[in-house]
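To start, the structure under review is shown below, and the notes come after it.
Throughout, read-outs are computed from the coordinates displayed, never taken from laboratory work. What you see is a predicted model, and the numbers here were worked out from it, not measured in a lab. Neighbour counts run over all protein chains shown; Cβ positions are idealised from the backbone, glycine included.
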C-alpha cells in the first residue's frame with residue numbers, strides 16, 4: 001500500500017511513522033520517499049488502519065495505491 005504524506009520532510013518524520021506502524025505490526029516493511037513524500041507499506045493491517053496509525057503519528061495522509 002502506498003500513502004501520500006504531504007508534511008513528511010525529514011528523517012524524524014519517517015522515524016515517527018515507522019515507529020507508529022511497527023507498534024501495531026512489528027513485521028511491517030516501510031519504504032519512505034522524502035522527495036515524493038510517499039510511504040510504501042507491506043503489512044497485514046488494512047489500509048484504513050495504516051492511515052489511522054500514520055495520522056496518529058501526526059501526519060495527514062491519503063492512500064494512493066492499495
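Between residue 19 and residue 63, the simple label model (points 7 Å from Cα in the Cβ direction) yields a spacing of 2.7 nm. Distance between the modelled labels on residue 26 and residue 45, one decimal in nanometres: 1.5 nm (7 Å Cα→Cβ projection).
Note on 19, 55: ascending count of other Cβ atoms within 10 Å places them as 19, 55, the fewest first. The ellipsoid equivalent to the alpha-carbon distribution of the chain has semi-axes of 15, 13, 11 angstrom, derived from the gyration tensor eigenvalues as √(5λ) and listed largest first.
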